[in-house]
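Every number in this text was worked out from the coordinates using simple rules, so none of it is lab data. If you're wondering where the values come from, they're calculated on a predicted model, not measured in any experiment. Cβ placement follows ideal geometry from the backbone for every residue including glycine, while neighbour counts extend to all protein chains displayed.
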Amino acid sequence: MLKRLLFIIIFSSVTFVEVVAQSFNVNSFFNAGATLGVDHPTPGAIDDSTDFQMTKYKFQFVKPLRTRLGIALKDFNMKKADAKASQIFLATKFSVAQPFITNAQLDNIYKGEIEFTAITASIRNGIWVYAANFYAEESNASLNQSFTPNFRAYTAYINIRNLKMVHFYGATLVINQGRIVPLPLVGFRAKFNARTKLEFIVPVHLKLNYALNRKVNFDLAGYFSGINAVSREGSVLQNDDNTVNLRELKTYFAVNVKFGRHYKLKVETGYAFLRKLHGINTDFKQDVASAPYISFSLNYNFGHSVFGSFINGVQ
């Protein structure tokens, strides 16, 4: 029962992280460890003579701060009705985006994030997830002249009535370059059999996962990626913000491979479409043609997380 409880905590919570925070390696999020990744799209046409492309390099470090189990494992009794667990963890992320537009000079965009997540869970009361994320996306110029902090938070309740069908609901608040965007958080996770799982989250996240064995699994998915600064100039705090953002809908096929005791590799290839460059606080809008992309990430697990030890044992 306890292993199943921990499994649901991890599976459901990283789903929220992937959609709200656009995490690039959700399997690493409940393990102390580090992840390196790169996203490389092919150029997409803006018009007959202008292309757009943005390659991104990413780093993530996760450190569990506290993990508690309601009872000691040696005293655990399967007949007890209320196994309990909780965890607080810290995640730090950093990325460098290299945007390119034909005949235009664009600076690199540096994004830094720090996120605290708390989870409380029990078979009787279900699971509550709380998270707060502080982040900034800046160029060299804006970092010194118009630094603008952003904020993202969410809370969600995960209802466990049946281990094969878990549904959840909650709320998200995003403050990005001065815009305040509240969003509902509603979805479900369904387990068809021992190898196949489906998850869906409103508004746009759908993923089908198939486990070939304990070391290899596949994803077929689609999700909306809405916060990707392309250029930074000015600040909403000074009423002169001219941030240009990229939003797009991505569909992809991914192979996840675990090798050795500590390493996980994810290779993702897909197609980005419904792409648009837009000014967050201006009227600027520009469509970008659809384009394929490929993404790689490598995770090294330090092996110090209690939750991570459980999930690695039951996946």
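Using θ = phi - 60° in the Karplus curve 6.51 cos²θ - 1.76 cosθ + 1.60, the 3J(HN,Hα) couplings for the range 204-210 round to 9, 7, 9, 9, 10, 10, 10 Hz; x is entered for Gly and Pro. Placing +1 on the Cβ of every Lys and Arg and -1 on the Cβ of every Asp and Glu, with nothing else charged, gives the range 134-212 a dipole about its Cα centre of roughly 600 debye.
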